[in-house]
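The values are calculated or read from the model by the stated rules, or taken from the named source; none is laboratory data. Here the structure is a predicted model, which means the values were calculated and not measured. FYI the Cβ positions are ideal-geometry reconstructions off the backbone, even for glycines, and counts take in every protein chain you see.
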Amino acid sequence: NDVTLKFTYNGGCIKNFSAPLYVYPLAVANIDSVVGKCVPFPVSFYASQKGGDNKITSLDWQFYFREKSGLLTLKETSNIFTPVKTFLDHGNHFARITTIDSKGCRNIQPDFLFRVEKMAKPCFTISGFCASEKLAFTKDCTLDEYDNITSVKWDFGDGKQEFVFNPFHSYPKAGKYTVKCTLYNELDNKGCNASADSVVTIFPQPVAKFTHDTACFQLPNRFLGDSIPSDEPGDFVKRFVWLFDNKLGTLDSAFTRNTVYQFKNFTQDNIAVTASMIAVNKFNCGDTLTKPILVYPKPNANFSYDYVDQEITPNKPMFFEGKFNASNPNTSSSDVVQWLYDFGDGGKVDSKIGNEQHTYSTVAKYDVQLIAINNNGCSDTIFKKLDLNAYMVVPNTVTPEHNFEIVARGISKINGYKIYNRWGQVVFDGKNDIKAQWDGTFNGEEQPMGVYVYFISATTIYGEELPRTGNLTLVR
């Protein structure tokens, strides 16, 4: 097209000037891609010409941020084709391009919306700092203020990783480890992340060990702590804690390296309980060892004594009969495999059957001790006073030639003196007469041969009770 310019002069003269006019299509540019949309990382913009006859010679970029009020604030500018910019604001941004072509024509393009994500910087806490202990890692101190955290990765510094928000992790060895926590935003494939790391010191842990005696009911049982400290120089176990199952729903405790404990709050034989020891070192790291404990019944030791014959003089042997009074009637005396006598005059004997003879050279008082040990190694001890100045000797046989009579010394009174037949009938009552004798008759009639039971209770001149009970055989 031609453009004509007409001039009119003061004198009325007119002159026209004509020239050709060329109108070119405006150059058009598109933003093809935006690479990187995470604070504080650079964002790259790529644009290309999509229209117009003349080549775009330059681009005028303007970058705006939409404030919460809705206003657009200019943040960055550029005049190159592929600008790289860093944005620090979280939210919606706009890129506005003005194209300038080879003819100098300018064209403002529509605003291009892009979003920049800002990630909350992770912080985390660690509870527990001992090797082989399950440590808790938590990011609860991280506020997801932008509501865009979609996943997490933990690198524990020992080659192990976890992908849960609040993991647990154990370190097999003591040392220093760098723990790294990375938070990810995978919304719209943005791939934003933020990370933080912290060095954690893991302290060594001792190894709890202990040994114990055979556990016996109602007896002191030794428990010996034998823990192994770690390889850390100067490490040592500084505290021991023992926990014992008392079968009352609670635990009994002790706080020394070695301790003694009695299992006594139950009556069953061979009952299973537990014992635990906690060993704590100078780093306050501990290890717990729990063992099942089988508690065995103990014997209930007893013994009787008498002269071998009725001639009561020094240097005459006395007969000691070991007895087993079981607290559990189902337990037999065969459980006792060892009887240890201490006769009180220096004489001792280790017996396998429990029945022994011993001769005293002097008429005196003696403290006799018997320790009965069963096949589980459990023992019971009983003491009895033997006074050779106060005694009773009773026969174990009645014949036509020898009545049943008591030979005694140092007895102040008789409290009871009866003989029973096999049906529990009293066939003789000596009442309180120590000189009373039974001739094997009842109400004037001879009693049948067999075994009878006598019961005698006396008081010595020292005020001590002296009971006697046993079997006697009637022979004709």
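In region 95-130, how many are closer than 30 Å to Lys176 by Cα, without any contact (Cβ under 8 Å) to a residue 60 or more places away in the chain and part of a strand (DSSP E or B)?
Selection size over region 95-130: 2.
Identify, from the list Asn92, Asn54, the residue that is in contact (Cβ under 8 Å) with a residue 40 or more places away in the chain and either outside any loop (DSSP other than H, G, I, E, B) or not acidic (Asp, Glu) (or both).
Asn54
Can you tell me which residue in region 334-357 is surrounded by the most Cβ atoms within 10 Å (Cβ to Cβ), limited to those that are hydroxyl-bearing (Ser, Thr, Tyr) and in a strand (DSSP E or B)?
Only one residue fits best here, namely Tyr341.
Is it the case that Asn315 is modelled with pLDDT under 95, more than 51 Å from the chain's Cα centre (by Cα) and not acidic (Asp, Glu)?
Against the criterion (modelled with pLDDT under 95, more than 51 Å from the chain's Cα centre (by Cα) and not acidic (Asp, Glu)), Asn315 qualifies.
Mind counting the residues in region 1-30 that are aromatic (Phe, Trp, Tyr), without any contact (Cβ under 8 Å) to a residue 24 or more places away in the chain and closer than 30 Å to Arg96 by Cβ?
Qualifying residue count for the region: 1.
Go through (1) modelled with pLDDT under 85; (2) of a type outside the set (A, V, I, L, M); (3) surrounded by fewer than 18 Cβ atoms within 10 Å (Cβ to Cβ); (4) within 30 Å of Ile278 (Cα to Cα) for Asp158 and report which single condition fails.
The one condition Asp158 does not meet is (1).
Name the single residue, out of those in region 168-179 being touching a residue at least 40 places away in the same chain (Cβ under 8 Å) and surrounded by fewer than 19 Cβ atoms within 10 Å (Cβ to Cβ), that is farthest from Ala272 (Cα to Cα).
Restricting to residues being touching a residue at least 40 places away in the same chain (Cβ under 8 Å) and surrounded by fewer than 19 Cβ atoms within 10 Å (Cβ to Cβ), the top hit is Lys173.
Is one or more of the residues making up region 358-373 under 26 Å from Gln262 (Cβ atoms), at pLDDT below 90 and of a type in the set (S, T, N, Q)?
no
Please work out if Ser276 is exposed (fewer than 15 other Cβ atoms within 10 Å of the Cβ) and of a type outside the set (Val, Ile, Thr).
In short, no.
Going by the structure shown, is Glu117 over 28 Å from Ala27 (Cβ atoms), modelled with pLDDT of 90 or more and surrounded by 15 or more Cβ atoms within 10 Å (Cβ to Cβ)?
It is false that Glu117 is over 28 Å from Ala27 (Cβ atoms), modelled with pLDDT of 90 or more and surrounded by 15 or more Cβ atoms within 10 Å (Cβ to Cβ).
Filtering region 279-299 down to residues that are part of a loop (DSSP other than H, G, I, E, B) and basic (Lys, Arg), which residue is surrounded by the most Cβ atoms within 10 Å (Cβ to Cβ)?
Per the stated criteria, the residue is Lys298.
Output the residues belonging to region 66-83 that are exposed (fewer than 15 other Cβ atoms within 10 Å of the Cβ), within 14 Å of Phe94 (Cα to Cα) and among the hydroxyl-bearing types (Ser, Thr, Tyr).
Of everything in region 66-83, those that are exposed (fewer than 15 other Cβ atoms within 10 Å of the Cβ), within 14 Å of Phe94 (Cα to Cα) and among the hydroxyl-bearing types (Ser, Thr, Tyr) turn out to be Thr73, Thr77.
Return the residues of region 44-74 that are in contact with a Leu (Cβ under 9 Å, 6 or more places away or on another chain) and under 19 Å from Lys118 (Cβ atoms); say none if nothing qualifies.
Listed by number, the residues that qualify are Phe63, Tyr64, Phe65, Arg66.
Looking only at region 442-463, count every residue that is surrounded by 13 or more Cβ atoms within 10 Å (Cβ to Cβ) and more than 15 Å from Pro395 (Cα to Cα) and tell me the total.
So the answer is 8.
Restricting attention to region 199-224, which residues are farther than 30 Å from Asp155 by Cβ and either basic (Lys, Arg) or surrounded by fewer than 19 Cβ atoms within 10 Å (Cβ to Cβ) (or both)?
Lys209, Thr211, His212, Asp213, Thr214, Gln218, Pro220, Arg222, Leu224
Could you figure out which of (1) crowded, with 17+ Cβ neighbours inside 10 Å; (2) at pLDDT below 90 isn't true of Tyr22?
All conditions pass for Tyr22, except number (1).
For residues that are without any contact (Cβ under 8 Å) to a residue 40 or more places away in the chain and in a strand (DSSP E or B), scanning just region 246-270, find the one that is surrounded by the most Cβ atoms within 10 Å (Cβ to Cβ).
Among residues in region 246-270 that are without any contact (Cβ under 8 Å) to a residue 40 or more places away in the chain and in a strand (DSSP E or B), the one surrounded by the most Cβ atoms within 10 Å (Cβ to Cβ) is Thr259.
Give me the residue from region 29-52 that is surrounded by fewer than 16 Cβ atoms within 10 Å (Cβ to Cβ) and of a type in the set (D, E, K, R) and, out of that set, farthest from the chain's Cα centre (by Cα).
Lys50
Of the residues Thr182, Thr125, Thr138, Thr150, only one is surrounded by fewer than 19 Cβ atoms within 10 Å (Cβ to Cβ) and modelled with pLDDT of 85 or more; which?
After applying the criteria, what remains is Thr182.
Can you confirm whether region 214-224 contains a residue that is closer than 28 Å to Pro40 by Cβ, assigned to a strand (DSSP E or B) and either among the charged types (D, E, K, R) or modelled with pLDDT of 90 or more (or both)?
no
Show the residue pairs meeting these rules: Cβ distance below 6 Å; 6+ apart or different chains; first residue within region 310-322 and small (Gly, Ala, Ser); second residue at pLDDT 75 or above.
The qualifying pairs are Gly322/Phe303; Gly322/Trp339; Gly322/Gly354.
When Val427 is evaluated against the numbered criteria (1) over 21 Å from Lys316 (Cβ atoms); (2) among the β-branched types (Val, Ile, Thr); (3) in contact with a Ser or Thr (Cβ under 8 Å, 6 or more places away or on another chain), which criterion, by number, is the only one it fails?
(3)
When residues of region 358-380 are filtered for being surrounded by fewer than 12 Cβ atoms within 10 Å (Cβ to Cβ) and either aliphatic (A, V, I, L, M) or assigned to a strand (DSSP E or B) (or both), how many remain?
The total comes to 0.
Which one is farthest from the chain's Cα centre (by Cα) among residues in region 155-184 that are part of a strand (DSSP E or B) and among the β-branched types (Val, Ile, Thr)?
Ranking the candidates gives Thr182 first.
Pairs under 8 Å by beta carbon, first residue at positive phi in region 203-225, partner part of a strand (DSSP E or B) and surrounded by 14 or more Cβ atoms within 10 Å (Cβ to Cβ), six or more apart or different chains?
Listed by first residue and then by second, the contacts come to Gln218/Phe263.
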